[in-house]
1. Show me the ranking of peptides 35-46, 87-98 by mean Cβ neighbours inside 10 Å, starting with the highest.
2. Apply the Kirkwood formula to region 83-142: the hydrodynamic radius equals the inverse of the mean of 1/r over all pairs of different alpha-carbon atoms; give it in Å with one decimal.
3. How long is the gain from residue 103 to residue 47 if the chain were fully straight, where each residue apart is worth 0.36 nm and the alpha carbon distance is subtracted?
4. Would you work out if region 51-90 is rounded, prolate or oblate? Take a ≥ b ≥ c from the square roots of the eigenvalues of the alpha-carbon gyration tensor; rounded if a/c is under 1.5, else prolate when a/b is larger than b/c, oblate otherwise.
5. Let me have the 222 nm mean residue ellipticity of the chain computed from DSSP H runs of 4+ only, each contributing -39500 (n - 2.57), with the sum over all residues rounded to the nearest 500.
6. For region 42-122, what does the alpha-carbon gyration tensor say about shape, rounded, prolate or oblate, given a ≥ b ≥ c as the root eigenvalues, a/c under 1.5 as rounded, and a/b over b/c as prolate?
7. Just checking my list (1) 1.22; (2) 1.04; (3) 0.96 against Rg/Rh (Cα atoms, Kirkwood Rh) computed from this structure; which label fits?
8. Taking the Cα centre of the chain as origin and charging only Cβ (+1 Lys, Arg; -1 Asp, Glu), how large is the dipole, in debye to the nearest 20?
Amino acid sequence: MKQANTYLNFDGNCREAMTFYGKCLQAEPNFTSFSEGPPEIAALTKTAPDRILHAELASGSVVLMASDTVPGMPFQQGNNFSISISCESQPEMERLFASLSERGKATMPLHDAFWGGRFGMLTDQFGISWMLSFRPSSQQAE
């Protein structure tokens, strides 16, 4: 497997969320609205043409993809996954934790983990769960 991407669904606030994540991850998201999609999709979403059909942002090896639901489609804020990021440095980990937890909630503060690295968990302001870890290169698995 080359990489794993996380795909997020939102109920009308995809642009806001991906813009926020782009700020946190220091990346610029790309957006395609429903109105820019295929005619059959645009026809389904006449009442909300600015909802996002597809968004993507990349920062190093981290790739997030997302979309809004079609108006009227059942939506449940996600609680069945987390986005896990292995950080390259402790300062990077601390910066990401601070920025992602803005208006969110730390569910497990950054701490020295039993496996020799640092670890923390949070739920951001959009209800998305994140896990951040850092293991110094001297402790990397061979």
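Where a number appears in this text, it was derived from the coordinates with a stated rule and is not lab data. Model, not experiment: these values are computed from the prediction. Methodologically, a virtual Cβ is constructed for each residue, glycine included, from the backbone with ideal geometry; neighbour enumeration extends over all protein chains shown.
1. Working: 35-46: 12.8, 87-98: 15.3.
Ranked by mean Cβ neighbours within 10 Å, highest first: 87-98, 35-46.
2. In region 83-142 this quantity evaluates to 11.6 Å.
3. Extra length from residue 103 to residue 47 when fully extended: 17.2 nm.
4. Numbers: a/c = 5.25, a/b = 1.84, b/c = 2.86.
Judged from the Cα gyration tensor, region 51-90 comes out oblate (a/c at least 1.5, b/c at or above a/b).
5. The helix contribution divided over the chain gives -6000 deg cm²/dmol.
6. prolate
7. (2)
8. That gives the chain a dipole magnitude of about 180 debye.
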